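The values are calculated or read from the model by the stated rules, or taken from the named source; none is laboratory data. None of the values given here were measured: they were computed from a predicted structure. Note that we place each Cβ from the backbone using ideal geometry, even for glycine, and neighbour counts take in every protein chain shown. Note: accessible area is taken over every heavy atom of the protein model, side chains too, but ligands, DNA and RNA are not part of it. Shrake-Rupley method; radii C 1.70, N 1.55, O 1.52, S 1.80 Å.
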Amino acid sequence: MGNQNIKKLSELDVFCLMVFKAIFQTGHANIAAKQLNVSAPKISRCLNTLRATFDDELFYRRQLGLKPTPLAEFLFDPICQFCDSVAKIEQSLLEQPSEQHPQYIKVAVTSVMLSSLALAFSRSSKREQMGKVQFVAWDNDSADMIHNGELDFGVAFDASSEHPLVVSSLGSISEVCFAAAENHPIWLSSAITLETICGYHFLCLDGKGFNDKLDPLEVYARQIGREIENVSRVNTRMEWYSHLLTMDSVSFLPCSEAEIAQRLPGLSVAKLPAEQVALLHGECMSPQFLLIEAQQEYRRYSTEQRHLFIELMKSLF
C-alpha cells in the first residue's frame, strides 16, 4: 500500500470499519443500517469511503445480496479484531463512575422560546435540583451536535435528522401576543384582528420546521383572499427587535416571551384575542414543540433532571 493510501487509512472513521463488518456479515446494506441504527445513505457514504481508501470494490452485487471481493475476505478478520477492541474501550468508558459526568447540561432551544425558557429556569425553585444549564440557540447543526455529544438535548419544531435521535412532544402554545414599536399606528386601532395585522409589514422570527417556509398568518391571508403588505424574516431575537423598531413591522410572539419583550425600550406588546388565535392556528397550525435527545445510553443527565426540565418547559405553554 502506497504512502497516500496509508494516509487515507489512518484518517478512516472507526464507524466505516463497523459498516464493513456489518455488510460482510449480513450481505445487505439495509440490514447493516438497521443493525447500526443509522440511515441507508450514511451506510452508502461509508461504503464509498472504504472503497476509495482500499482502492477496491470490496463488495459487489449478486442476486442474494452483496458478496465480498478477495481483498474484503482478507481484511475481515483484522477489521473484526479492531472493532472488538473499540467495543471494549467503549464499555470501559460507560463503566466510568458517575462523578465523571459534566458539571452542566447544554441545551439548544428554538429562538422563539429561548429567552423565556432561560428566565423561567433562573426563577425556578427546582433550579438546584436541575443543576447548571447552558442554553444556546437551535440551528441547522444542533441535531448533529446532540448525536455527537456536544449538546445534551434540544427543544425545537423540527426533528429531521439522519441520526437515530429520540423525539417526544412537549406540547404547543395556547396563547399568542403581538408586538410593534410603541409609536406604530396599529395601537390606534379600536380592536386588533388578524385582518388588521395583515394591513401592515409582518415580521417572522423563523422557527425551523414551523414557520420558516410559510407562516400561519400567510396561510390565513390566502384563505380569506387578503394581501399582506410585506413579509420579512429574521433568525434571532436581536434582529427581530431591531426590525420592529426601524421597519414599522408587526410580529407575533409566545405570551411567555411577552414579559421580556415589553421591557425592551421602544416596544409595546399586547395579547391577541383568543378567537383570533383560533383563526390563526386552528387545529393544525399551532407550533408543536419537540424534545430531541440522544439514545438513553448516551445521555449524561438523570431521569429526574429530564423530568424537571419537561415540567419547566410545559409551564410556559
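A viscosity of 1.306 mPa s and a temperature of 10 °C, combined with the Kirkwood radius over Cα pairs in Stokes-Einstein, give a translational diffusion coefficient for the range 12-167 of 85 µm²/s. Using a probe of 1.4 angstrom and keeping all protein chains present, the accessible surface of the range 98-194 works out to 50 square angstrom per residue.
Taking packing as the residue-averaged number of other Cβ atoms within 10 angstrom, the listed peptides 146-159, 75-88 run from highest to lowest as 146-159, 75-88. For the cross-link pairs 88/208; 34/208; 126/271; 88/126; 42/213; 106/208, the ones whose C-alpha atoms lie over 31 Å apart are 88/208; 88/126. Annotation: amide H-H contacts under 5 Å for residue 111 (H modelled 1.01 Å from N, sequence separation of 5 or more, or interchain): 138. Report note on the peptides 295-301, 223-229, 205-211, 192-198: ranked by the mean count of other C-beta atoms within 10 Å, highest first, their order is 205-211, 192-198, 295-301, 223-229. In this structure residue 141 has an accessible area near 90 Å², from a 1.4 Å probe over the protein heavy atoms. Charges were assigned to the Cβ only: +1 to each Lys and Arg, -1 to each Asp and Glu. The resulting dipole of the range 161-317 about its Cα centre is roughly 220 debye.
Sort 43-50, 303-310 by packing, meaning the average of other beta carbons within 10 Å per residue, with the highest value first. Please report the intermediate quantities before stating the final value.
Values: 43-50: 18.6, 303-310: 15.9.
Sorting 43-50, 303-310 by mean packing, highest first, produces 43-50, 303-310.
Within the chain, which DSSP H helices have Cα atoms that stretch 30 Å or more along the helix axis and a mean Kyte-Doolittle hydropathy of at least -0.5?
Working: long enough: 70-94 (37 Å, 0.63).
Result, helices passing both filters: 70-94.
Only one of (1) -0.39, -0.97, -1.04, -1.20; (2) -0.43, -0.97, -1.04, -1.23; (3) -0.34, -0.98, -1.08, -1.28 was calculated from the structure for log10 I(q)/I(0) by the Debye sum over Cα atoms at q = 0.07, 0.13, 0.14, 0.16 Å⁻¹, and its label is (2). Converting phi to 3J(HN,Hα) with the Karplus coefficients 6.51, -1.76 and 1.60 and the offset θ = phi - 60°, the range 152-163 yields 7, 7, x, 10, 7, 8, 10, 10, 5, 6, 7, 9 Hz in sequence order, with x at every glycine or proline.
Please give the contour-minus-distance gain from residue 247 to residue 144: 0.36 nm per residue of separation, less the Cα-Cα distance, rounded to one decimal in nm.
Numbers: separation 103, 0.36 × 103 = 37.08 nm, distance 3.54 nm.
Separation in residues times 0.36 nm, less the Cα-Cα distance, equals 33.5 nm.
In the chain, helical runs assigned H by DSSP with n ≥ 4 each contribute -39500 (n - 2.57); averaged across all residues and rounded to the nearest 500, the mean residue ellipticity at 222 nm is -12500 deg cm²/dmol. Place a point 7 Å from the Cα of residue 224 along the Cα-to-Cβ direction; which residues of the range 191-207 have their backbone N under 12 Å from it? Backbone N within reach: 192-200. Close amide-amide hydrogen proximity is noted between residue 133 and 105, each under 5 Å apart and 5 or more residues distant or on a separate chain (H modeled in the peptide plane; Pro and chain starts excluded). Positive end of the dipole of the chain (Cβ unit charges, origin at the Cα centre): among 78, 241, 181, the Cα lying farthest that way belongs to 78. Considering only beta bridges that DSSP places wholly inside the chain, some 60 percent are antiparallel. On the beta carbon distance between residue 30 and residue 132, with R0 = 41 Å, the FRET formula returns roughly 0.45.
Per residue, the range 5-75 exposes 59 Å² of solvent-accessible protein surface, assessed with a 1.4 angstrom probe and all protein chains in place.
Amide H to amide H, with H built 1.01 Å from N, residue 264 comes under 5 Å of no residue 5 or more places away or on another chain. The modelled label-to-label distance between residue 161 and residue 119, using points 7 Å beyond Cα along the C-beta direction, is 2.9 nm. A probe of 1.4 angstrom, applied to the heavy atoms of all protein chains, finds residue 247 with accessible area near 90 square angstrom.
The Cα center of the range 8-52 and the Cα center of the range 112-142 differ in position by 37 Å. Each Cα pair under 8 Å and six or more residues apart adds its sequence gap; the mean of these over the residue count of the chain is a relative contact order of 21 percent. When the solvent-accessible area of the chain is split by element, carbon and sulfur atoms take up 50 percent of it, the probe being 1.4 Å.
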